[in-house]
Amino acid sequence: MANSEDGAAPEALLARVPSLAGTPRVVTALPGGLTNKNFKVTTPDGVYVARLFSDGGELLGIDREREYQNSVIAAAAGVGAPVIEYRPQERVLVLGFVEGRTLTNADVAQPGMLERVARVCARLHGAGRFAGDFDMFEVQAAYLATTRRLGLAIPAGYGELQQAFAAARAALAVRAEGTVPCNNDLLAANLIDAGDRIWLIDYEYSGNNDPCFELGNIAGECGLDADALAALVTAYYGRPRRSRIARAQLFNLVSRYGWTLWGAIQHGTSQLDFDFWSWGMERFEAAAAGFTSPGFGRLLSDVQCQD
C-alpha cells in the first residue's frame, strides 16, 4: 500500500527491506544517479534514501561493499548520511535522508562556499581510513584496458596525451604526502547544504587518495576556474601554498583525462538515455587544453617545489 510518485521503486523489493517495509509509505524518485537509482522513501518510522544498484558497475571499478563500508566511516565522521541498512542480496543501500539544498556549480564557486567546502573536505580527510584506495592513474589504465577489450570508441587523439599524463604522474610523485579518505566524486550535486553543515553524499568511488586529487576533481566537476581552485586549496591548507595549488591543478587535468574513459565505457555499454559521449568529450577537451598549454611545464615544476 504505497503511494508512489514519479516512478516507484519495485514494491516487491521495498517489502523485502525491513527499514523500508513500513506502511503507508511514499516513494519518490530522486534526480541524478547514472549507476544506480535513488528513491526517497517516507514511512511511519522515518525518511530514507534507497540506492538501488544498477548493472555494469564492475566495468567502472565500483565496489559496492567498499561503498557501504566507506559510507559508514563518512557517517561516523559527521559528513556522510547515516547508514541504515545494507542488503547486498537485494542490491540496495539504505541511508537516512538529509534535509538541505543541493548545490549548483554557481553555488560552489562563491567565496564563502569555497571555504565551507574546504572545511568539510578536511573533516572527511581526517576520518578513519577508508576501505581500499583510489588512484586515478591505475583507474585510467583499467578503464583503457576495458575500452580495448570491449572494442569501445574513445576520443580521437586520446593516446597522444598519454605522455603528458605520465609526466604529471612522475611530477606528482616527487612530493607526495600520503593518502587520506576521499570521496573522489564531489560534483556539486553531491554537496548538500543543510545550513549548519555541508553533507557529502555518494561514496561509489571513495577510497584513500591524495587530498589534492579531491580538490582538483571538485574544480573539474564543478567548473571552477584557476582562481577559484587556488582559493579552495588555500582555504584547505590555511595559507597559500604554490606547490599544493599546482598539485590540485595537475590532478584536475589527471581526473578529467581519466573520467573521459568512464564516459566512453558508459557510452558503449549503458542503456540509460544520457549523452555519455558528450559528457566524456567535455572532460577530454579540458584535459587536452591543459596538457598542451604553455603553463603545463610550469605546473610540473611548481608541484615539485617546497613551500
Q. Going 7 Å from the Cα of residue 175 in the Cα-to-Cβ direction, what parts of region 282-307 have a backbone nitrogen less than 15 Å from that spot?
A. 298-307
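Region 154-206: which GluC sites (Glu not before Pro) are DSSP loop and have at most 14 other beta-carbon atoms within 10 angstrom?
Working: sites: 160, 177, 204; in loops: 177, 204.
Of the GluC sites (Glu not before Pro), the ones in loops of region 154-206 whose Cβ has at most 14 other Cβ atoms within 10 Å are 177.
With a cap of 13 neighbouring Cβ atoms within 10 Å, and only residues DSSP puts in a loop, list the trypsin sites (Lys or Arg not before Pro) found in region 79-152. Walk me through the numbers on the way to the answer.
Numbers: sites: 91, 101, 116, 119, 123, 129, 148, 149; in loops: 91, 129.
For trypsin sites (Lys or Arg not before Pro) across region 79-152 that sit outside H, G, I, E and B with at most 13 neighbouring Cβ atoms in 10 Å, the list reads 129.
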Q: Going by C-beta contacts inside 10 Å, put 213, 274, 296 in order with the fewest on the left.
A: 274, 296, 213
Q | Spacing of the two label points (7 Å from each Cα toward its C-beta) at residue 91 and residue 115, in nm | A | 4.6 nm
Q: Search the structure for amide H atoms under 5 Å from the amide H of residue 85, placed 1.01 Å from N in the peptide plane, and list their residues when 5 or more places away or on another chain.
A: 94
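In what sequence do 261, 95 fall when counting other Cβ within 10 Å, fewest first? Please report the intermediate quantities before stating the final value.
Working: 261 26, 95 23.
Ascending Cβ contact count within 10 Å gives the list 95, 261.
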Q) In the neighborhood of residue 175, defined by Cβ-to-Cβ distances under 12 Å, what is the net charge if each Lys or Arg adds +1 and each Asp or Glu adds -1? A) 0
**Q.** Of 211, 155, 44, the one that fluctuates the most in a GNM where the chain has Cα springs shorter than 10 Å
**A.** 44
Q.
Among 181, 82, 31, which one shows the highest mean-square fluctuation when the chain is modelled as a Gaussian network with alpha-carbon springs under 10 Å?
A. 31
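Computed from the coordinates by the stated procedures, all read-outs in this text should not be read as laboratory data. Treat the numbers as computed from the prediction; the structure is a model and nothing was measured. Note that each Cβ is placed from the backbone with ideal geometry, even for glycine, and that neighbours are counted across all protein chains shown.
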